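Presented below is the structure to which this report refers.
Bear in mind these aren't lab numbers, they're just calculated from the coordinates by the rules spelled out. Values in this document were obtained by computation on a predicted structure and should not be read as measured data. All Cβ positions, even for glycine, are placed from backbone atoms using ideal geometry, and neighbour counts span all protein chains on display.
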Amino acid sequence: MHTTTLQPLGAELTDTDIAALTDEQIGEVRSLLAEHGVVVFRDQHVDDDAFLAFLQRFGPLTFTAGETPVDGFPDLNVISNVGRTEPPRSTFHVDSSYLSTPPAYTALRAVEIPSQGGETVFTNQYRAYETLGDDVKARLEGATITHVVTGIDPSLLTEDDETQAEHPVFRPHPLSGRTALYMSTPKRCAAVSGLDDAAAAEVVAELYAHSTTEENSHAHRWAPGDVVMWDNGCVLHRGDHSVVVGDRVMHRGMVADYGLDR
Ligand code: OGA
Ligand code: MN
């Protein structure tokens, strides 16, 4: 696999067919994700059958209640601006961190690319941790954040659905073992262990601002045929819906876990 690594995160593969990967290459993609956070596969032009089959090589998929499924593919969902007056959610976040086992990977397949705008922006949460001041590191060592669900209609949730989970602020990545600053959008970071609400809100705002600087971010500009996959254990992401001109349609799948127990 011909790999170009990007700064401050991301890796791009230009010679790789996601429909024809060996098991060993799937392992290499996992390692690239754990190390670089995002893998961009150029020139794929695959259909949903191939996209789904590719994702299933990493493990069972998971689906968020309330998302719009792709016709005929209940494990995939559509992200689209077509016919919307309000643009989709656009702040940096981690997918479904209110679950005790949040999805390991999320992937998007470009179906329609707008003529302008609509990048997906990622942050490097290893670097965010590494560049924190020693005082902050010491103060939050061993602390946890309570991640809560937002933006899901409660009537869609069943009694068995989790709506909140505690995760370490400094979370070792399940595969690489490297420490990442693990958080989501401030609205989803409801509490920090050992801090009262005001202090928690202040710390969360500080960590979020530190994570989401331009120098800690990489904006992926979409091209036809792109499949982009990211590792929710070491990046935040956001769709930049601020100045989109034209239709933007993505098909999306999430891999439930890292497969360490299988
Ligand atoms: C997602 C997401 C951003 C985008 O798929 O989870 O946040 O660029 N997408 O569409
Ligand atoms: Mn997301």
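Could you tell me which of HIS93, SER115, LEU132 has its Cα farthest along the dipole of segment 58-182 towards the positive end, charges placed at Cβ (Lys, Arg +1; Asp, Glu -1), taken about the Cα centre?
LEU132
Over the chain, calculate the relative contact order: mean separation of alpha carbon pairs under 8 Å at least 6 apart, over the residue count, as a percent.
Dividing the mean separation by the residue count of the chain yields 36 percent.
Give, as a single signed number, the net charge of other residues whose beta carbon lies under 13 Å from the beta carbon of LYS137, with Lys and Arg counted +1 and Asp and Glu -1.
Net of charged neighbours comes to -4.
Quick one: which of 221-234, 161-174 comes out on top by average Cβ neighbours within 10 Å, and what's the full order, highest first?
In decreasing order of mean packing, 221-234, 161-174 become 221-234, 161-174.
Where a ≥ b ≥ c are the square roots of the eigenvalues of the C-alpha gyration tensor, would you call segment 58-127 rounded, which needs a/c under 1.5, or, failing that, prolate if a/b is larger than b/c, or oblate?
Verdict is oblate for segment 58-127.
For the residues SER242, SER184, SER80, what sequence is obtained by ranking on other C-beta atoms within 10 Å, fewest first?
Listing SER242, SER184, SER80 from fewest to most nearby Cβ atoms yields SER242, SER80, SER184.
Using a Debye calculation, one point per C-alpha and no hydration shell, please list log10 I(q)/I(0) for segment 105-262 at q = 0.14, 0.16, 0.20 Å⁻¹ in order.
Rounded to two decimals, the profile gives -0.84, -1.06, -1.37.
Nearest 5 percent is fine: what portion of the DSSP beta bridges confined to the chain is antiparallel?
Restricted to the chain, the bridges split so that about 95 percent are antiparallel.
Given VAL40, ALA19, LEU61, which one lies farthest toward the positive end of the charge dipole of segment 14-69, if we put +1 on the Cβ of every Lys and Arg and -1 on the Cβ of every Asp and Glu?
The residue sitting most towards the positive pole is LEU61.
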